[in-house]
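Presented below is the structure to which this report refers.
The values are calculated or read from the model by the stated rules, or taken from the named source; none is laboratory data. None of the values given here were measured: they were computed from a predicted structure. Here the Cβ positions follow ideal geometry from the backbone for every residue, glycine too, while neighbour counts run over all protein chains shown.
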Amino acid sequence: MAIDTAPLRLHERDYATGLIEIGDGCFAYLQPDGGWCLSNAGLLAGRDESLLVDTLTDLPRTAAMLEAMRPITTAAPIATLAITHGNLDHYFGNQLVEGAQIVASAGTAHEMADGPTPAAMAAMVASDDPALGGYLRHAFGRFDWSGIEVTLPTRTFEGSFTVDAGGRRAELIEVGPAHTAGDTICHLPEQRVAYTGDLLFVFGTPIVWAGPYENWFRACDTMLALDCDVYVPGHGPLTDRRGVEGVKAYLQFVYAEARARFDAGLDEREAAFDIELGEYAEWGDSERLAINVVSAYREFDQNRPEPGRGELFARMAELARRAR
């Protein structure tokens with residue numbers, strides 16, 4: 001697969017799978033359309049070694065990405081692999097990056113150790129639940145869950161960590177919990193680029209697995225303060241400040257709408273079905289609203305029982321059917 005060296009197109013829905021040169025030794029690997037588990041990754045190449053930011057959901061996709069990077073990594077092998085957060089679509093391919101130091105925040109490492117197994121994902125896809133099985137296959141059925149050996153970080157940090165990739169500097173900045181317990185931004189100050197993990201979904205609906213919302217608002221402010229020219233989201237096309245501002249606006253909208261319905265006495269399910277998303281209904285996987293409302297309600301009432309993952313996916317499936 002050739003490296004795309006065309007002029008960068010930022011914040012556009014139409015983009016292709018593959019490796020894009022952002023400039024000055026940094027690259028992004030993109031997977032449209034950025035839906036469930038179609039995540040992005042990054043590469044920073046130095047004089048004689050490289051930094052890889054995240055792997056992909058399964059071994060075939062990760063192998064294809066590494067092959068696309070081979071013209072760069074043959075001269076500058078991957079010495080460090082940084083994991084932005086503890087969702088499987090950003091680390092299930094780790095075993096293919098042999099010999100690299102794997103760095104993650106302590107919160108991310110904990111989530112990876114306790115995360116879903118490949119066997120559990122395969123079982124979800126095989127579900128015969130008439131109401132839920134179709135949605136699970138839509139979300140996860142395109143991936144190959146075989147052969148994956150979950151490979152955990154070899155070094156953890158709290159707060160921040162600096163990586164020297166062959167004379168090029170990358171700053172890992174922990175801003176979670178927000179999307180997950182240990183969300184980390186990989187900032188390249190000299191290149192004015194940030195790999196954001198799932199703190200950014202562009203034209204896709206963010207998921208508040210962890211919260212609190214206020215932390216995610218602050219994470220958006222942190223990303224904006226970095227004043228980068230390019231932000232590489234966890235899902236979706238390359239973006240600029242507009243992508244960050246859009247995610248913050250969505251989260252603020254959902255939080256306020258959920259609060260109004262909580263105060264009115266609606267439960268989480270009723271609230272999710274009552275909220276009119278307006279322009280955000282056009283974002284991919286808008287049914288993730290069900291999870292985001294639950295996370296908001298958990299903040300409003302910390303003693304409120306939290307639905308299990310199966311129930312959350314059932315609510316998303318129901319919302320998706322209604323949207324169709």
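Of note:
- Residues that are assigned to a loop (DSSP other than H, G, I, E, B) and either over 17 Å from the mean Cα position of the chain (by Cα) or at pLDDT below 95 (or both), drawn from region 116-143: T117, A126, S127, D128, D129, P130, A131, L132, G141, R142
- Residues that are within 23 Å of the chain's Cα centre (by Cα) and over 14 Å from E276 (Cβ atoms), drawn from region 248-262: K248, A249, L251, Q252, Y255
- Strands (runs of 3 or more DSSP E) completely within region 1-67 that count 1 or more residues being at pLDDT below 95: 18-23
- Flag for A178 being more than 17 Å from the chain's Cα centre (by Cα) and buried (at least 23 other Cβ atoms within 10 Å of the Cβ): no
- Among residues of region 126-142 that are surrounded by 15 or more Cβ atoms within 10 Å (Cβ to Cβ), those with a Cβ under 7 angstrom from a residue that is modelled with pLDDT under 95 and part of a loop (DSSP other than H, G, I, E, B), sequence gap 6+ or separate chain, pair up as G133/S127; L136/S127.
- Selection within region 1-29: residues that are touching a Phe, Trp or Tyr at 6+ places or on another chain (Cβ under 6 Å) and of a type outside the set (D, E). The member of this set that is surrounded by the fewest Cβ atoms within 10 Å (Cβ to Cβ) is R13.
- Cβ-Cβ contacts under 8 Å between residues 6 or more apart (or on different chains), taken from a first residue in region 199-224 that is free of Cβ contacts under 8 Å to residues at least 40 places away in the same chain and charged (D, E, K, R) to a second residue that is part of a helix (DSSP H, G or I) and surrounded by 17 or more Cβ atoms within 10 Å (Cβ to Cβ), are listed as D221/K248.
- Tabulated pairs, region 52-75, first at positive phi, second in a helix (DSSP H, G or I) and surrounded by 24 or more Cβ atoms within 10 Å (Cβ to Cβ), C-beta under 8 angstrom, 6+ apart or interchain: D54/H90
- Residue pairs meeting the criteria (Cβ under 6 Å; at least 6 apart or on separate chains; first in contact (Cβ under 8 Å) with a residue 60 or more places away in the chain and at negative phi, in region 146-161; second surrounded by 16 or more Cβ atoms within 10 Å (Cβ to Cβ) and not in a loop (DSSP other than H, G, I, E, B)): I148/P118; T151/N94; P153/I102; P153/A104; P153/A109
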